[in-house]
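Below: one structure, written as structure tokens.
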Amino acid sequence: MTINKAFLFPALICLFSALAFSQSVTRTVTKTDRFDFGAGGTVAIAGAPNGSVKVVGTSKNEVEITAVVEVLGSSEANAAKLAELTGFATEESASRTAVNSVGPHNKFGLKKLPKTLAKDLLLASFKIDYVISVPHYCDLEIDGGKGDLSVTGVEGSMRINFVESDANVEIIGGNSTIIIAKGNLDLAIGVKGWRARTADVSVGTGTLTVRLPSTMSSDIDAVILRSGTITNELPDLKPRDRKVAFTDKAIAAKAGVGGAQLKFTVGDGTLKLSRLTPRYKLNPIAF
């Protein structure tokens, strides 16, 4: 009997792939740290390529980090080594603290890899889910890959950049720049009263929901760059130029007497302007 080689080769590839997958080992570990950090400083977080980030402002002058690390190794030994090397490193000073993810994506933060380290570890899958408590009054810088994002209770400036996320963010005070390349962002501005701060928020592809207080005075620009629709649920918004009417693609508005610049942009998707209610709560995200 003659076996067709064109059939045999793909069959072997599928067999070896199945065997490799069946022999993979998942390991989950939790790593923690806590240290003093006074109000008024900056906390910078570099998330993993995959994994969530939850930041909560508290009354304590400290930073507390809980990181749940999940790795996928080709064997028990590989998984154990991955779990040991993957996690986070901190850079601490009086005015700035950085929490940096380390893993296969950045050679585990090592300048030079040990010769005994298996090369396949650099290709291993992993994710890190963070819960980080920071002082109420601090500035935030957050960079993330693919995963959920939640920021609550922090009163300071924010710079946030995520590749893909279902995100919930409260802006209390401070100027903010937020970019979500793909996903959904539920943004609440002025949850403790209007502070007249600027915001530049964009979602590349997805949905941006903006919740604004009735007491605000600001200039608002909302734009759909390519495809999609703006839904305006704020009847008291007025055109800044009475000759330029609102459309489902662009709104140039004045709230109150005008003032702080709020810019909202969606490339492809939906942009919704709605009222921030007194009992408003962020949509829960499971972490």
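Quick note: the coordinates plus some simple rules give every number you see, no bench work behind them. Remember, predicted model here, so these are calculated numbers, not experimental data. Here Cβ is always computed from backbone atoms with ideal geometry, including for glycine, and neighbour counts include all displayed protein chains.
Quick one: which residues, 5+ away or cross-chain, put their amide H under 5 Å from the amide H of Glu141? H built at 1.01 Å from N.
Close amide H contacts, sequence-distant or interchain: Val43, Ala44, Ile45, Arg159.
Of all beta bridges DSSP finds with both residues in the chain, what is the antiparallel percent, to the nearest 5?
30 percent
Per the helix-only calculation at 222 nm, which mean residue ellipticity applies to the chain, given -39500 (n - 2.57) for every DSSP H run of n ≥ 4 and division by its residues, nearest 500 deg cm²/dmol?
-3000 deg cm²/dmol
With no solvent and one point per C-alpha, what does the Debye sum give as log10 I(q)/I(0) for segment 160-199 at q = 0.16, 0.27, 0.35 Å⁻¹?
Relative scattering, expressed as log10 I(q)/I(0), comes to -0.40, -0.90, -1.18.
May I ask you to evaluate 6.51 cos²θ - 1.76 cosθ + 1.60, the Karplus curve with θ = phi - 60°, for each residue of segment 86-95 and list the ³J(HN,Hα) values in order in whole Hz, giving x for glycine and proline?
8, x, 8, 10, 10, 10, 10, 8, 5, 10
Please give, to one decimal in nm, the separation of the simple spin-label points placed at Thr247 and Asn61, each 7 Å out from Cα toward the Cβ.
5.4 nm
Taking the chain as a Gaussian network, where each spring joins two C-alpha atoms under 10 Å apart, which residue of Asp219, Asp241, Asp166 fluctuates the most?
Asp241
What are the ³J(HN,Hα) values, in whole Hz, obtained from phi via the Karplus relation 6.51 cos²θ - 1.76 cosθ + 1.60 with θ = phi - 60°, for each residue of segment 29-46 in sequence order, with x given for Gly and Pro?
Result, ordered by residue: 10, 10, 10, 10, 7, 8, 7, 5, 7, x, 5, x, x, 10, 10, 10, 10, 9 Hz.
Just add up the charged neighbours of Asp33: K/R +1, D/E -1, any other residue whose Cβ is under 13 Å from the Cβ of Asp33.
Cβ neighbours under 13 Å give a net charge of -3.
To the nearest 10 degrees, how steeply does helix 76-85 sit against the main Cα axis of the chain, on a 0 to 90 scale?
That works out to roughly 40 degrees.
Which percent, nearest 5, of DSSP beta bridges in segment 127-190 are antiparallel?
Beta bridges within segment 127-190, antiparallel portion: roughly 0 percent.
Among DSSP beta bridges whose residues both lie in segment 25-148, state the antiparallel percentage, nearest 5.
60 percent
What do you get for the angle between helix 5-22 and the principal long axis of the chain? Use alpha-carbon atoms, 0 to 90 degrees, nearest ten.
The angle comes out at about 70 degrees.
So what are the ³J(HN,Hα) numbers for segment 172-177, from phi and the Karplus equation (6.51, -1.76, 1.60; θ = phi - 60°), rounded to whole Hz, Gly and Pro as x?
9, x, x, 6, 9, 10
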